[in-house]
Structures are given as structure tokens and as C-alpha cells.
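Read the figures in this text as sums done on the coordinates, not as results from a lab. In this text, all values refer to a predicted model and were calculated from it rather than measured experimentally. Here Cβ is always computed from backbone atoms with ideal geometry, including for glycine, and neighbour counts include all displayed protein chains.
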Amino acid sequence: MIIEQAEVVVTSPDRNFVTLRLTTEDGLVGLGDATLNGRELAVVAYLREHVVPLLIGRDAHRIEDTWQFLYRSAYWRRGPVTMAAIAAVDVALWDLKAQAAGMPLYQLLGGASRTGLLAYGHASGRDLPELFDSIRDHLDQGYQAIRVQTGVPGLTAIYGIASNSTGVRYDHEPAQRGARPAEEDWDTRAYLRHLPAVFDAVRNEFGPELPLLHDAHHRLTPIQAARLGKALEPYDLFWLEDATPAENQQALRLVRQHTTTPLAIGEIFNTIWDYQELIREQLIDYVRSAVTHTGGITHLRKILDFAAQYQIKSGIHGPTDISPVGMAAALHLGLAIHNFGIQEYMKHGTRTNQVFHQTFTFTDGHLHPGDHPGLGVTLNTDHAGTYPYEQAYLPYNRLTDGTIHDW
Ligand SMILES: [Mg+2]
């Protein structure tokens, strides 16, 4: 199974996606997601200039060897660009191996550990009536677990709120097309005062059973995060996500001392080293890394196996900037591992689903990767070619006095 061709496909149907497409001498095609939201072309260049020439002529069966070769031979290790590029190669090789075996990928990873993956959707609203409508809409779609994000009085543009500007609601897509990033505003004290009352209202309206999640998006100091976790304890959250900026692992020690609200972190991490203290000292409950940004299935599996020894579970990142290829990889991995927790799932738009033909299913709030050989995703390159790359940036944040803050 020798790799004959390696192409990097950039397409922007509803948003930008970067896909690595490997073709073997016997005609199998494997796909890997290399999308790094807002910095897509850096990974394109890394792949095209430095990785693709190394892949031609390699044995596609040697997944571990190829991973170690790309990680160690570059000398410059880790980082989102490097690890997204390695992830794309890794997932494409797993796709090829599973197709060659005539099996869905989860079978090669050990087979199914469950019948389906509990998924959570993103409900949001600028105020309570809008939020309640959004939660009801997600329940109608079948979701059985829901992330709750809300506007804060006095702030105009906040992370996680779906757009209603055209009269048609669509889930929050933070990366906006254009030459400059959008500016949002933030006031931590106003947020901390407002949020517990929102969860109180949601619990009163929807009852005690519905799993509820919340994302603080890296904006709090350790003591603020501790206070929020404590304030939300009566509302029994499934998790509080990204309470503090993630690169300071020690910050979570202080948060943990003060609250029993479960903690999830890691969507901007890219190696096992970012989790070393968090997992060994049991400072978190869920690993949030995406297959796409963490060196692929090979590396994320190692992180999750390490986490399993400490009863820490998966909560794989799955917003719309994870392409259908990256989502399929997450679903195969999630179905196979023992310590699955929950899967984030935002639905892709119509144009995206025309470019990427997917075979996974969403039934009664649970995802399943399907039983097609490989990942079960194909890329329509003709369709992809009709949507060229469009510059887009994630927003950034300023406090009310103009200071740049974590977004
Ligand atoms: Mg998040």
C-alpha cells in the first residue's frame, strides 16, 4: 500500500476547511482533516512544502512509524500547525488501513465499546426567552445534553451566542470572513453576577435531569473560576469548560480545591505534554482535544489511555471548524475507547455536506460513525473546487477600559 499521490485540498463551502487526500498505488483514497480555524493556510504550507514530499513512496500501513518520523525528524516539536499537519497524515493513514481491511475504522481500534455516542449541542440566547427557545429547539432535534451560553446585560458581543441577524438562526460560528477580526467586549464581574441566575432559570424550566454544560472560554483567573464553579454547584453541571487560560496547568489546582463542579479543558492543547500535570494530579474530568489538532488518532488515543488510568473521560472537540473528516475520526475513536464521556456535535451546513459525503448518523441524541469501510467520508473535489478559500479570523476581546483580554 504505497502512497502515490498526496494533495492538500482547501475549500470554503460554509467556512474554510483543509483536507489532506492520500492516494495509494492500488487506488485507495484516504482523507485527513488539517483545519486550523483562522490560521488555515499555515497548515497548508506546512503540508505542501514540508510533508507531502516525504509521503510519496512511503508504505501507508506504517502509521506509528510515520507519526514518529514526522514528529521527531522535524526537530521543532509540538504546536498547533505541526500537530494539525501530523494529524491529517495520521487520520488519512487510518482511513486507508481500514479501507484495505474492509472494516469501519472503529473495528481496527478495538471494536465498539457502546451502541452510540452521547452528543451535546450548543443552545444560546441573548436573553432567557431566546435561550429557552434554543434549548427547546435542540431537544426537538433529539439532543439529550445541551451546552448553555448566554448574553450578559451591558455587553454587546459575547462568545457562543447564535446569530439571528438574517431572521434565520444559525449556531455560533465565531470565525467571520473578512480582512480583520471582529472585536468583542467583556466584563468578568458582570458575567459572574449574571450566570448563576441563568442556570437557576434553566433548571426551573427544564428540570433536574437534562445534562447541562457551560464554556467560560479561558476568561477567568483561578480564583474567579473557583468562585464560578462553586456558584454553579446547585445546578449540577455536566462540566464547566475552559474556566482558565489553558496553558497554565497549575491554575486548575486552586480551582479544584474549591469546587466539585466537573472541569473540562484542552481544545487548544496539541500534545500529551499539555495534559501531564492535569491528568496525573487529577485536576480535570474531561479531555477536550480534537483529533484534528492533537496529532490524530494515534496521539489522542495515547492521551485518552493515560487519562483512563485516572477515571478522566473524553469530551472530544467538535464545533463546525472540525470538518466532517475530523468528526468521523472522533466518532470512530469515541466508539472504541472505554473512557468515552461525551461528544460535542454542531451540525455542518448544506454546502459542507455536499462537499463532504458523510455516513455517520445522529439518532435520539446519539452519534454513530456507521459501518462503511474506513472513516466513511468521501470528498467531492469538483464541489470543493467551486468554493475557494476566503480569509476569516476568530474574534478578539477587549475589556471595557480597552485592555485586550483572553477570547
Ligand atoms: Mg470550548
Expected unfolding gain across R189-T350 under the 0.36 nm per residue rule, minus the alpha-carbon gap, is 54.0 nm
Expected max-MSF residue from N380, N397, N16 in the GNM of the chain (alpha carbon, under 10 Å) is N380
Counting only DSSP beta bridges with both partners in the chain, the antiparallel fraction in percent, to the nearest 5, comes to 50 percent
Binned at 10 Å starting from 0, the alpha-carbon pair-distance distribution of segment 180-301 in whole percents comes out as 13, 41, 32, 14, 0
In terms of the alpha carbon gyration tensor, root eigenvalues a ≥ b ≥ c, rounded if a/c is under 1.5 and otherwise prolate when a/b exceeds b/c or oblate, the chain is prolate
Residues D236, D26, D215 in order from fewest to most other beta-carbon atoms within 10 Å are D26, D236, D215
Normalised Cα Rg of segment 97-193, dividing by 2.2 N^0.38 Å with N its residue count, works out at 1.52
Rounded to the nearest 5, the percent of antiparallel DSSP beta bridges in segment 261-399 equals 45 percent
Taking a ≥ b ≥ c as the square roots of the Cα gyration tensor eigenvalues, with a/c under 1.5 meaning rounded and otherwise prolate when a/b beats b/c or oblate if not, segment 1-58 comes out oblate
If one compares the long axis through the Cα atoms of helix 222-232 with the longest principal axis of the Cα atoms of the chain, the angle in degrees, nearest 10, works out at 70 degrees
A student applying the Cα gyration tensor rule (rounded when a/c is under 1.5; otherwise prolate if a/b is larger than b/c, oblate if not) would label segment 85-151 prolate
Neighbour-count ranking for L20, L118 (other C-beta within 10 angstrom, fewest to most) reads L118, L20
Check: C-alpha center segment 169-215 vs C-alpha center segment 341-385, spacing in Å is 26 Å
Here the gain from full extension of F132 to H383, 0.36 nm per residue of separation minus their alpha-carbon distance, amounts to 86.6 nm
E205 and D26 label points (each 7 Å along its Cα→Cβ direction) are spaced in nm at 5.6 nm
Highest GNM mean-square fluctuation among A34, A92, A42, for the chain with Cα springs under 10 Å, belongs to A42
In Å, the Kirkwood estimate of hydrodynamic radius for segment 13-120 over Cα pairs equals 15.0 Å
Cβ density ranking, 10 Å radius, fewest first, applied to H299, H317, H372 yields H372, H299, H317
hull vol. (C-alpha, convex hull) per residue for segment 218-279, Å³ -> 75 Å³
Filtered hits (aspartates and glutamates, Cα-Cα < 17 Å from K97, offset >= 8 within chain) -> E4, E25, D26, D33, D59, E64, D65, D371
Expected vector for segment 364-377, Karplus 3J(HN,Hα) from phi with 6.51, -1.76, 1.60 and θ = phi - 60°, integer Hz, x for Gly and Pro, equals 6, x, 10, 9, 9, x, x, 10, 6, x, x, 6, x, 10
quick note, segment 92-222, DSSP beta bridge pairs, % antiparallel (nearest 5) is 10 percent
In order over segment 305-321: 3J(HN,Hα) from phi, Karplus 6.51/-1.76/1.60, θ = phi - 60°, whole Hz, x for each Gly or Pro, gives 5, 4, 4, 4, 5, 10, 6, 8, 10, 7, x, 4, 4, x, x, 5, 7
